[in-house]
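Here, each number is a calculation from the coordinates, and none is a lab measurement. All of these numbers come straight from a predicted model, not from anything done at the bench. When we count neighbours, we look across all protein chains shown, and the Cβ atoms used for this are built from the backbone with ideal geometry, even at glycine.
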Amino acid sequence: MKKKFVIAIDGPAASGKSTTAKQLAIKLKYIYIDTGAMYRASGLCTLLQNISLDDEVALKEMLDKISIKIEYAKEGNRIYLNGEDVSERIREADSTKLSSQIAVIGIVRKKMVELQRKMGENGGVIMDGRDIGTVVFPDADFKFFMIADVRTRALRRWKEVKDNGESITLEEIKEELIWRDKNDTTREISPLKQAKDAIPVDTSKMSIDEQVQYIYNKIIMRNKYE
Ligand code: CDP
């Protein structure tokens, strides 16, 4: 590989972004940045500090002091909020709902985008989220937009949470995904949408290996001729 790219992967909840991005990062020896984890950590921070999402002054103060670190680990990156490992905690139902609620707030997005741009400034990164190809890195070298039908997405997420020992029904998961997608696509600031120059990848009928290989091939092919 010659150049160190910025690769943006956007798409709705549980569309396969993070699984794909993680494996792709290993293949390319790139850094993987899960921006959803950053919104999840910010949401959790309001919960831990008892801050209402309507209290702009308290939110601003929280954001001025917040520290979110993503550390590489072989079994999956670890997320630290103000020095504390919250990697598992941010995946719980309350943090998940809060992440989408806090993600509509302008000052929160401004702070997260600032941190994300810094993390990706030297290239060699794969960043996944909702607004990476549209807002965070509109000039990214590669943009992919992953989609999958809602039943497939709900099934995937259900298997994940079941493996972690959580008891939640498939129907509840499906409703949560639909609610979050609606919230994410209809918000005023940086809504979830496909960038004009993004390559769509429908993963409904793809295995994880196929998803990774599909995107990997696109990157390798272009790099060969540049
Ligand atoms: O992994 P999953 O697809 O369930 O969600 P996530 O990527 O962890 O993102 C959690 C929430 O953060 C999303 O529902 C969005 O509301 C928000 N988010 C965002 O607004 N912008 C991003 N770049 C990433 C996530």
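Below, the figures for the structure above:
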quantity	calculated
MRE, 222 nm, helices only [DSSP H, n ≥ 4, -39500 (n - 2.57), over the chain, to nearest 500]	-15500 deg cm²/dmol
Pairs of lysines in region 36-121 (C-alpha under 21 Å apart; 8 or more residues apart or interchain)	14
Nearby aspartates and glutamates by direct alpha-carbon distance to K3 (threshold 14 angstrom, same-chain neighbours under 8 apart not counted)	E121, D141, E226
Candidate aspartates and glutamates for bridging to K174, where Cα separation is under 14 Å - those fewer than 8 sequence places away on the same chain excluded	D149, E160
Sum of side-chain charges, S52 neighbourhood, beta-carbon under 14 Å (Lys, Arg +1; Asp, Glu -1)	-3
Sequence-distant lysines (8 or more away, or on other chains) whose Cα lies within less than 19 Å of K196	K17, K143, K218
Debye intensity ratio I(q)/I(0), log10, the chain, q values 0.07, 0.15, 0.17 Å⁻¹ (C-alpha model)	-0.21, -1.02, -1.33
Shape of region 36-121, Cα gyration tensor, a/c cut at 1.5	oblate
Net +/- balance of residues flanking D202 in space, Cβ distance below 12 Å, scoring K and R +1, D and E -1	0
Rounded to whole Hz, the Karplus (6.51, -1.76, 1.60) HN-Hα couplings of region 18-23, x for glycine and proline	6, 4, 5, 4, 4, 6
Karplus (6.51, -1.76, 1.60) ³J(HN,Hα), θ = phi - 60°, over region 118-125, in Hz, Gly and Pro reported as x	5, 5, x, 4, 8, x, x, 10
Long-range amide H partners of Y32 with built H, under 5 Å	I126
3J(HN,Hα) from dihedral phi, region 133-140, Karplus parametrisation 6.51/-1.76/1.60, rounded to Hz, x for glycine, proline	x, 9, 10, 5, 10, x, 9, 3
